[in-house]
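The values are calculated or read from the model by the stated rules, or taken from the named source; none is laboratory data. Quick caveat: nothing in here was measured; it's all calculated off a predicted structure. All Cβ positions, even for glycine, are placed from backbone atoms using ideal geometry, and neighbour counts span all protein chains on display.
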Amino acid sequence: MNESDTSRHFLRQWIEKDVAEGKTGGKVVTRFPPEPNGYIHIGHAKAVCVDFGMAKLFDGECHLRLDDTNPAKESDEYAENIKRDIRWLGFQWAGEGDGVEPGFYNASNMFDKMYEIAEKLIEKGYAYCCNLTQEEWKEYRGVPEKPGRPSPNRETSPERNLEIFREMKAGKYADGEWCLRAKIDMASPNIHFRDPVIYRIRHASHYHLGDKWCIYPMYDFAHPIEDALEGVTHSMCTLEFEVHRPLYDWVVDRLDEFGMLVERGGVKIRPQQREFARLNITYTVMSKRLLLKLVEEGRVSGWDDPRMPTVCGMRRRGYTPGAIREFCDRVGISKVESESDPALLEWCVREELNKTALRRMAVLDPVKVVIDNFEGTREVELPNNPIDESQGTRKIVFGKEIWIERSDFQEEPDKKFFRMAPGKEVRLRGACIFKCNSVVKDDTGKVQEIHGTWDENSWGGNAADGRKIKGTIHWVDCATGKKARICLYDRLFTEKDPLKDGPERYLEYLNKDSLKEVEGFVEPLLDEAAQGQSFQFERIGYFVADGRVSASGQAVFNRTVTLKDSYKPA
C-alpha cells in the first residue's frame, strides 16, 4: 500500500498497538476470504489491498482462504480466477510460488474440525437443534427493541440434540427441517446474537467434496474458527459485519475454552475482527448476484466484459494493477460509507498510462486525403513515448493517400477550428504541411475524398519560411495501414445509483450506448500488438489490444479511457 496515504488510518493504529503489546506472537497474520461463487470486483480489490497491504506493511503474511461453505453456487472456475486476479493485482499469499501454498486454504478442508467443534458445543450446552420454520423463527426472534422468545427446542438435552445433529449429518432430514443454533442470548439488543443458526441442512453436492456432507456451517460460525485455527491475528471485514462481531468473539471464546487457540512465540493467538467501509462506486452495481444476472441474460459478454466492475473485466479493458491500487489508496480506509466517482479511477488509469503506454496513430472514422503533388513514399520517425525517451522511436510509411479523422475536416469551419479546411494549411503529424484545395462528395453530399498539396519544403512538419501552423492532426497511411475493430466502451448504467428503485429494476438503467464498435485504420505495428498491451492512440484516448481477432481477421482494441477528463482529484 502507499504508506503516505494510509499512515494513520484506524486499522493500522489497531495493529500497531497489538504488535507493541506483544499480542501477535511476533507475526501479524491477516486473511482474504472470498466466496468462490463469482468473479471478484473492484470492491473486493479494495479488501485485497487492505488485507494483503496491512500484512506486507507489518512484514507479516496474508492467507487466501476460499469460503466455500455454500455448495450450490461455487466452482473451480471461480476459485481459479480469484487466484489469478489477486496475483495480477500484485499480491501473493503466504508461501505462494513455493509450490506448496501453505497460506492457501479452503473452508471445506476444515469441515471435519468444524463438525467436531459443533458437537462439543452441543455437549457443553452451548448449541441446540431447532425445527422452527424460517417464518416461525422470525416471529420468535422478535425485534431489537424487545426480547425474543426462546425456541421450544431451546432446553432440549445435550444427548437428544447430539442425536438429532448426527441424524442431520446422516441425511435423515430434508432441507430446512432442522438446523443447529448457538444458545446465546434471546434478550440481546443485537438481533444477530439471538441464538443464531450455525449449521443448516443443504442436500447439494460440494464442488470439491461431492456428497460427503449434507449439512454445512454458516459463514458466521466458520469464519472465526478458520481464523483461530490458522493463527490469524487481525480479521478485517466490511461494515456490514460489525453487528456480527459479538458472535465472532463468542465463537473465539468457546475455542479458547476448549483449548484450541494457536500458540505462537509463547503467545496464545486470539483473532480479532474490525470493520471498515466498503468501496461503493456510482454508475455500477457491486452485487455478485446482480452481476451474474447480467452474464446469464446476455446483457454483457461475460464476467470479463470490459464494462463490468470485475477485476478481470478491468484487466481486459486495459486498467492496470498499479492504477487500481492507487485508486484504492486514494479512496482511503474509514468507518463511514461513501460513494466514489468512477472518474477518480479513470484518472488513476490515465495518469499511469500517460507514463507507460506506447503512442500510436489510429483513425476511427476515416476519410481519405489525396496529396496530389506527392510521389512515392517517405518514412516518418516518431517517439514511442515523448515523456520517456528510453522507449525509443518507430518509423512509419507516409504516402500519397492517407486516412484522417472525419471530425478533423470542416468544409465551412468556424473561427476556432484550426484543423483541415478548404484553403487552409494544417500540419500532418511528423510529416509535412498540407493545404486542402478541393473535395469529392457522393450523391448524398458526404465528403468521400479530400484533395490538396503539400509544402515540399516542410518535411518534418515545419515551414522553411518560419510561418506558424496552428493545427496538427494525426493520420494513417492508406497503403500500409491495417484495418482494426475498435470497441468504444462507456459506463454500463445511465443512473448514478442503478438501485435507486430497488434491485428488481436496475436493468431498466442499462446504458444502450455502453458499447459502440467501429472499423478503423491503425499503424502497421498495431496489427501485431500483444494481448493486454496498452497504447495511447494519439489525440483519441488509451486503448488495449484485446487479443480477440474479429470475424474478419482484424485486430481488436478496447478503449480503456478517453484522453482527457475534467476530473481533478483533491
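Filter the stretch 265-285 down to the residues that are closer than 30 Å to residue 501 by Cα and of a type in the set (Gly, Ala, Ser) and list them by number. Steps first, answer last, please.
We begin by selecting, within the stretch 265-285, every residue closer than 30 Å to residue 501 by Cα; these are 275-285.
Of everything in the stretch 265-285, just one residue is closer than 30 Å to residue 501 by Cα and of a type in the set (Gly, Ala, Ser), namely 277.
Of the residues making up the stretch 492-529, just one is of a type in the set (Lys, Arg) and either within 16 Å of residue 542 (Cα to Cα) or not assigned by TED's automatic domain parsing to the domain that holds residue 341 (or both), namely 516. For residues in the stretch 283-299 being charged (D, E, K, R) and either outside any loop (DSSP other than H, G, I, E, B) or modelled with pLDDT under 95 (or both), which is surrounded by the fewest Cβ atoms within 10 Å (Cβ to Cβ)? Result: 296. Can you work out which of the residues in the stretch 470-493 that are part of a strand (DSSP E or B) and among the β-branched types (Val, Ile, Thr) is surrounded by the fewest Cβ atoms within 10 Å (Cβ to Cβ)? Within the stretch 470-493, the match that is surrounded by the fewest Cβ atoms within 10 Å (Cβ to Cβ) is 472.
Can you name the residue in the stretch 455-470 that is polar (S, T, N, Q) and under 49 Å from the mean Cα position of the chain (by Cα) and, of all such residues, is modelled with the highest pLDDT? Among them, the one singled out is 458.
Yes/no matrix, rows are residues, columns are (1) of a type outside the set (Phe, Trp, Tyr); (2) in contact with a Leu (Cβ under 7 Å, 6 or more places away or on another chain); (3) in contact (Cβ under 8 Å) with a residue 24 or more places away in the chain:
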{"site": "360", "(1), (2), (3)": "yes, yes, yes"}
{"site": "363", "(1), (2), (3)": "yes, no, yes"}
{"site": "366", "(1), (2), (3)": "yes, no, yes"}
{"site": "381", "(1), (2), (3)": "yes, no, yes"}
{"site": "390", "(1), (2), (3)": "yes, no, no"}
{"site": "393", "(1), (2), (3)": "yes, yes, no"}
{"site": "400", "(1), (2), (3)": "yes, no, yes"}
{"site": "410", "(1), (2), (3)": "yes, no, no"}
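Does at least one position in the stretch 250-264 carry a residue that is basic (Lys, Arg) and over 18 Å from residue 499 (Cβ atoms)? Yes, some residue in the stretch 250-264 is basic (Lys, Arg) and over 18 Å from residue 499 (Cβ atoms).
Within the stretch 325-346, none of the residues are in contact with a Gly (Cβ under 6 Å, 6 or more places away or on another chain) and closer than 28 Å to residue 54 by Cα.
So, in the stretch 204-213, of the ones that are part of a loop (DSSP other than H, G, I, E, B) and in contact with a helix residue (DSSP H, G or I) (Cβ under 7 Å, 6 or more places away or on another chain), which residue ends up surrounded by the most Cβ atoms within 10 Å (Cβ to Cβ)? Give the derivation first.
Our first condition is that a residue be part of a loop (DSSP other than H, G, I, E, B); within the stretch 204-213, this holds for 204-205, 207-209, 211-213.
In the following step, the residues that additionally are in contact with a helix residue (DSSP H, G or I) (Cβ under 7 Å, 6 or more places away or on another chain) were identified as 204-205, 207-209, 213.
Values: 204: 16, 205: 13, 207: 18, 208: 18, 209: 14, 213: 20.
Restricting to residues being part of a loop (DSSP other than H, G, I, E, B) and in contact with a helix residue (DSSP H, G or I) (Cβ under 7 Å, 6 or more places away or on another chain), the top hit is 213.
Let's see how each residue does on (1) closer than 21 Å to residue 218 by Cα; (2) within 39 Å of the chain's Cα centre (by Cα); (3) of a type in the set (Val, Ile, Thr); (4) not assigned by TED's automatic domain parsing to the domain that holds residue 209:
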site: 79; (1), (2), (3), (4): yes, yes, no, no
site: 89; (1), (2), (3), (4): no, yes, no, no
site: 93; (1), (2), (3), (4): no, yes, no, no
site: 108; (1), (2), (3), (4): yes, yes, no, no
site: 128; (1), (2), (3), (4): yes, no, no, no
site: 140; (1), (2), (3), (4): yes, no, no, no
site: 151; (1), (2), (3), (4): yes, no, no, no
site: 184; (1), (2), (3), (4): yes, yes, yes, no
